[in-house]
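Take a look at the structure set out below.
The values are calculated or read from the model by the stated rules, or taken from the named source; none is laboratory data. Model, not experiment: these values are computed from the prediction. Quick reminder, even Gly has a Cβ in these numbers, built from the backbone with ideal geometry, and neighbours come from all protein chains shown.
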Amino acid sequence: MLETLNRPRAVTAGAASGSAVSVQNLHIRFGADDSSFTALSDVSVEIPAGSLVTMLGPSGCGKSTLLRTVADLVHISDGSVSVHGQTPRKAREGRDFAFVFQEATLLPWRNVIDNVRLPLLVGKREAGATYADPEELIALVGLKGREKAMPHELSGGQRQRVAIARALVTRPRILLMDEPFGALDEITRDKLNEELLRLWQETGTTILFVTHSIPEAVFLGQHVLMLAAHPGRVKEFMKVDLPYPRTLAMRDTVEFIRVTAHLRTLLGEC
Amino acid sequence: MANALPSPAEGRTLVDGQRFRMLDTIAAAGLRHLPATLAILGCILLWQLVVWGFSVPTFMAPGPVDVVKAFGENAGILWSNFLPTLMEAVLGFIFGNVVAVLLAVWFVYSPLAERAFYPIAVIIKSIPIIALAPILVLLVGNGIAPKIIIAGLICFFPTLVNMVQGLKSASPAMLDLMRILSASNAEIFWKVRLPSSLPFLFAALKIAATSSVMGAIVAEWIGSSYGLGALIIEATYNFRSPLLYATVVIAASLAVVLFFAVSFAESKIVRWKPTTDH
């Protein structure tokens, strides 16, 4: 079933470097010069291709801004961001990444399968690109049989599953996720966390995942990127030495608690 | 995750359940409207009893029986005056709403146009429609045109306001999504802005449906020789009260029919509910 999702698609020139996303001396300022607000200050980080990096930090640290900059939703004030060797704009036009918002952001007048198909109906489509089959993706996120359901007939967790299927339909090499499970209850969130890990391991997609939950960041992340606030800057980019596949039970181990405790201390210093 | 699939057994009970639910719905609808129906019949009965009991002269206030008789006696007159009013109301409805929707689209894409012309729309709205009628008769003559324009003007403003709001109601996240998908402005308009404006548009169209009839009738009061509005004036001057009442009933029925036509179209077109993710 996963054949349609398995990479690689065409490998572009910059991809050989091993970085999916490369951020160098990035500055993001909002507003006019006299009343400008610095969201990110001198951020440099390399996101390895195929990795799962979680971003953590106090509110106002600019973690969403960093994600939105990679997604070409924010204007770069200074420095550079490259996505597989391309500018974010080129990467967006080439459908190199997909974005999952905190809210599912489904179009309420389209049913499940039509929402998943949306990326195939708009924008410039790459000539010769092969996209994933929407029906297989709906099955992959566990909603087989609900293809014709309208968004208001689904629970919050189911809507977010549809949003993930929609993100995967263009077979992106990078999945940008902005607190995608933040609005869900803990049980649903745990389940979706496990499934996201499975998806990541099966597809090899690079995932950049913003969260405000330390356990979630540690449970998912191969690396945790900790940002400090005012102005937003990199505090630490640490590797999480926990083996995959990870299970929910792992969160009660001494090793897991040691990592979360360390991050909590760091967060206190931010 | 397999639990998302209903088992075959569950599917069967669902179909049976639906059949029962339909009967239930009809019975419930009947019960729900029973009090209103009884209340209306009660009012009509009371009216008839008052007219009989106090021997009210027919020219002052005809009873329901007189009104029903007037329908039979004047069927030809009523029908021939109903048709022009229906046409004026419907054409005015279409004309006013089309202009309002197009203007709203222009306003949403051009803030300068909105700043320049919105105040003019408000000024036109604030002129009493009855005062506008003679002006229009002088301008475009005494034909069908001033009636359509007035019916259209009455529809125009609520639709303009609602449509501007509706086109702006798409959530920022939806627009971000379309940007990430590199969607063109036209795609954003047809796939996001227009569908999200439809609930707002239909709210305005339901108001417009009833007020377009009012606009047409008011326009017919000013020197017109046909239409329900002219018939109301004529019947009043000649003390043909049963005919006057019959005309009013027809005018009200026309407004109600147009209202339900728009409601029906809405139920067919807007088959979704907004979702809140929290």
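Okay, residues lined up against (1) outside the structural domain of B:Phe156 (by TED's automatic domain parsing); (2) among the aromatic types (Phe, Trp, Tyr); (3) buried (at least 18 other Cβ atoms within 10 Å of the Cβ):
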| site | (1), (2), (3) |
| --- | --- |
| B:Val218 | no, no, yes |
| B:Trp221 | no, yes, no |
| B:Tyr226 | no, yes, no |
| B:Gly229 | no, no, yes |
| B:Glu234 | no, no, no |
| B:Tyr245 | no, yes, yes |
| B:Val248 | no, no, no |
| B:Ser253 | no, no, no |
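Working only within the stretch A:91-105, note down all residues that are more than 17 Å from the chain's Cα centre (by Cα) and in a loop (DSSP other than H, G, I, E, B). Give the steps one after another, and end with the answer.
So the first thing to find is which residues in the stretch A:91-105 are more than 17 Å from the chain's Cα centre (by Cα), and the list is A:93-94.
Hit for the stretch A:91-105 is A:Gly94, nothing else.
Among the residues of the stretch B:151-209, which ones are over 18 Å from A:Lys124 (Cβ atoms) and in contact with a Lys or Arg (Cβ under 6 Å, 6 or more places away or on another chain)?
Correct list: B:Phe157, B:Leu167, B:Ala170.
So how many residues does the stretch B:179-191 have that are within 25 Å of A:Pro180 (Cα to Cα) and more than 7 Å from every other protein chain (Cβ to nearest Cβ)?
Taking the stretch B:179-191 as the starting set, the residues that turn out to be within 25 Å of A:Pro180 (Cα to Cα) are B:179-183, B:188, B:191.
Imposing the further condition that a residue be more than 7 Å from every other protein chain (Cβ to nearest Cβ) reduces the set to B:188.
Selection size over the stretch B:179-191: 1.
So which residues in the stretch B:166-209 are buried (at least 18 other Cβ atoms within 10 Å of the Cβ), of a type in the set (Ser, Thr, Tyr) and in contact (Cβ under 8 Å) with a residue 12 or more places away in the chain?
Once the filter is applied, which keeps residues that are buried (at least 18 other Cβ atoms within 10 Å of the Cβ), of a type in the set (Ser, Thr, Tyr) and in contact (Cβ under 8 Å) with a residue 12 or more places away in the chain, the stretch B:166-209 yields B:Ser196, B:Ser197.
Taking strands (runs of 3 or more DSSP E) that fall entirely within the stretch A:181-270, which contain at least 1 residues that are surrounded by fewer than 16 Cβ atoms within 10 Å (Cβ to Cβ)?
Here the list reads A:233-239.
If I filter the stretch A:91-105 down to residues being facing chain B (nearest Cβ under 7 Å) and within 27 Å of A:Gly156 (Cα to Cα), which single residue comes out as surrounded by the most Cβ atoms within 10 Å (Cβ to Cβ)? Spell out how you get there, then give the answer.
Looking only at the stretch A:91-105, we keep the residues that are facing chain B (nearest Cβ under 7 Å), and these are A:92-93, A:99, A:101, A:103-105.
From what is left, the residues that are within 27 Å of A:Gly156 (Cα to Cα) are A:99, A:101, A:103-105.
Working: A:Phe99: 29, A:Phe101: 23, A:Glu103: 22, A:Ala104: 24, A:Thr105: 24.
This residue is A:Phe99.
Which of the residues that make up the stretch A:179-205 are β-branched (Val, Ile, Thr) and free of Cβ contacts under 8 Å to residues at least 40 places away in the same chain? Before the answer, list the steps.
Here is the first cut: in the stretch A:179-205, the ones β-branched (Val, Ile, Thr) are A:187-188, A:203, A:205.
Hits for the stretch A:179-205 are A:Ile187, A:Thr188.
Taking the stretch A:174-207, which residues are among the acidic types (Asp, Glu) and out of contact with any Phe, Trp or Tyr (no Cβ under 7 Å at 6 or more places or on another chain)? It would help to see each step written out before you state the result.
First pass over the stretch A:174-207, keeping only residues among the acidic types (Asp, Glu): A:178-179, A:185-186, A:190, A:194-195, A:202.
The answer is A:Glu179, A:Asp185, A:Glu186, A:Asp190, A:Glu194, A:Glu195, A:Glu202.
Can you list the helices (runs of 4 or more DSSP H) lying wholly within the stretch A:110-178 that have 1 or more residues being over 21 Å from the mean Cα position of the chain (by Cα), without any contact (Cβ under 8 Å) to a residue 40 or more places away in the chain and facing another protein chain (nearest Cβ under 10 Å)? Outline the logic, then answer.
Details: elements: A:112-121, A:134-140, A:156-168.
Passing ranges, in order: A:112-121.
Could you grab me the full set of residues in the stretch A:79-90 that are surrounded by fewer than 16 Cβ atoms within 10 Å (Cβ to Cβ), farther than 12 Å from A:Val23 by Cβ and either of a type in the set (S, T, N, Q) or over 19 Å from the mean Cα position of the chain (by Cα) (or both)?
The one that is surrounded by fewer than 16 Cβ atoms within 10 Å (Cβ to Cβ), farther than 12 Å from A:Val23 by Cβ and either of a type in the set (S, T, N, Q) or over 19 Å from the mean Cα position of the chain (by Cα) (or both): A:Thr87.
Out of the stretch A:69-90, which residues are among the small types (Gly, Ala, Ser) and facing chain B (nearest Cβ under 9 Å)?
Here is the first cut: in the stretch A:69-90, the ones among the small types (Gly, Ala, Ser) are A:71, A:77, A:79-80, A:82, A:85.
The answer is A:Ala71, and nothing else.
Does the stretch B:100-107 contain at least one residue that is in the same structural domain as B:Ala145 (by TED's automatic domain parsing), part of a helix (DSSP H, G or I) and surrounded by fewer than 15 Cβ atoms within 10 Å (Cβ to Cβ)?
Taking the stretch B:100-107 and keeping what is in the same structural domain as B:Ala145 (by TED's automatic domain parsing), we get B:100-107.
From the residues that got through so far, the ones that are part of a helix (DSSP H, G or I) too are B:100-107.
From the residues that got through so far, the ones that are surrounded by fewer than 15 Cβ atoms within 10 Å (Cβ to Cβ) too are B:102, B:106.
Checked against the condition, which is being in the same structural domain as B:Ala145 (by TED's automatic domain parsing), part of a helix (DSSP H, G or I) and surrounded by fewer than 15 Cβ atoms within 10 Å (Cβ to Cβ), the stretch B:100-107 yields at least one hit.
Being surrounded by fewer than 13 Cβ atoms within 10 Å (Cβ to Cβ), more than 14 Å from chain A (Cβ to nearest Cβ) and either in a helix (DSSP H, G or I) or in contact (Cβ under 8 Å) with a residue 40 or more places away in the chain (or both) is true for just one of B:Leu132, B:Leu112. Which residue is that?
Details: B:Leu132 fails: surrounded by fewer than 13 Cβ atoms within 10 Å (Cβ to Cβ).
Exactly one residue qualifies, and that residue is B:Leu112.
It is to be established whether one or more residues within the stretch A:48-62 are among the β-branched types (Val, Ile, Thr), in contact with a His (Cβ under 8 Å, 6 or more places away or on another chain) and within 19 Å of A:Val210 (Cβ to Cβ).
Of the stretch A:48-62, the ones among the β-branched types (Val, Ile, Thr) are A:53-54.
Retained after the next criterion (residues that are in contact with a His (Cβ under 8 Å, 6 or more places away or on another chain)): A:53-54.
From the residues that got through so far, the ones that are within 19 Å of A:Val210 (Cβ to Cβ) too are A:53-54.
Checked the stretch A:48-62: at least one residue is among the β-branched types (Val, Ile, Thr), in contact with a His (Cβ under 8 Å, 6 or more places away or on another chain) and within 19 Å of A:Val210 (Cβ to Cβ).
Got a number for residues in the stretch A:72-107 being among the hydroxyl-bearing types (Ser, Thr, Tyr) and touching a Leu at 6+ places or on another chain (Cβ under 6 Å)? Lay out the reasoning, then the answer.
The initial filter retains those residues of the stretch A:72-107 that are among the hydroxyl-bearing types (Ser, Thr, Tyr), namely A:77, A:80, A:82, A:87, A:105.
In the following step, the residues that additionally are touching a Leu at 6+ places or on another chain (Cβ under 6 Å) were identified as A:105.
Of the residues in that region, 1 qualify.
Step by step: first the residues of the stretch B:255-273, then only those that are under 13 Å from B:Ala208 (Cβ atoms) and either among the aliphatic types (A, V, I, L, M) or loosely packed, with under 13 Cβ neighbours inside 10 Å (or both), then the one that is farthest from the chain's Cα centre (by Cα). Which residue is that?
Residues of the stretch B:255-273 under 13 Å from B:Ala208 (Cβ atoms): B:255, B:258-259, B:261-263, B:265-266.
The next check asks that each one be either among the aliphatic types (A, V, I, L, M) or loosely packed, with under 13 Cβ neighbours inside 10 Å (or both); those that pass are B:255, B:258, B:261-262, B:265.
Values: B:Ala255: 7, B:Leu258: 5, B:Ala261: 8, B:Val262: 6, B:Ala265: 11 Å.
Result: B:Ala265.
What helices (runs of 4 or more DSSP H) lie completely within the stretch B:162-278 and have 1 or more residues being within 30 Å of A:Leu168 (Cα to Cα) and in contact with a Gly (Cβ under 9 Å, 6 or more places away or on another chain)? Walk me through how you get there before you give the answer.
Values: elements: B:172-180, B:185-188, B:194-221, B:227-237, B:241-269.
Result: B:172-180, B:185-188, B:194-221.
Which one of these is at pLDDT 80 or above and either on the phi < 0 side of the Ramachandran plot or not in a helix (DSSP H, G or I) (or both): B:Leu83, B:Leu14? Spell out the reasoning first.
Details: B:Leu14 fails: at pLDDT 80 or above.
None of the other options fit; the residue is B:Leu83.
Just the residues that are more than 30 Å from A:Glu202 (Cα to Cα) and either out of contact with any Leu (no Cβ under 9 Å at 6 or more places or on another chain) or not in a strand (DSSP E or B) (or both), please, taken from the stretch A:25-58. Before the answer, list the steps.
If we filter the stretch A:25-58 for residues that are more than 30 Å from A:Glu202 (Cα to Cα), which is where we start, we get A:25-43, A:58.
Result: A:Asn25, A:Phe30, A:Gly31, A:Ala32, A:Asp33, A:Asp34, A:Ser35, A:Ser36, A:Phe37, A:Thr38, A:Pro58.
Restrict the check to the stretch B:27-50 and report whether at least one residue is surrounded by 11 or more Cβ atoms within 10 Å (Cβ to Cβ) and outside any helix (DSSP H, G or I).
No: the stretch B:27-50 contains no residue that is surrounded by 11 or more Cβ atoms within 10 Å (Cβ to Cβ) and outside any helix (DSSP H, G or I).
Which ones in the stretch B:153-178 are facing another protein chain (nearest Cβ under 9 Å) and among the aliphatic types (A, V, I, L, M)? Steps first, answer last, please.
Let us first name the residues in the stretch B:153-178 that are facing another protein chain (nearest Cβ under 9 Å), namely B:171, B:173-174, B:176-178.
B:Ala173, B:Met174, B:Leu177, B:Met178 - these are the residues of the stretch B:153-178 that are facing another protein chain (nearest Cβ under 9 Å) and among the aliphatic types (A, V, I, L, M).
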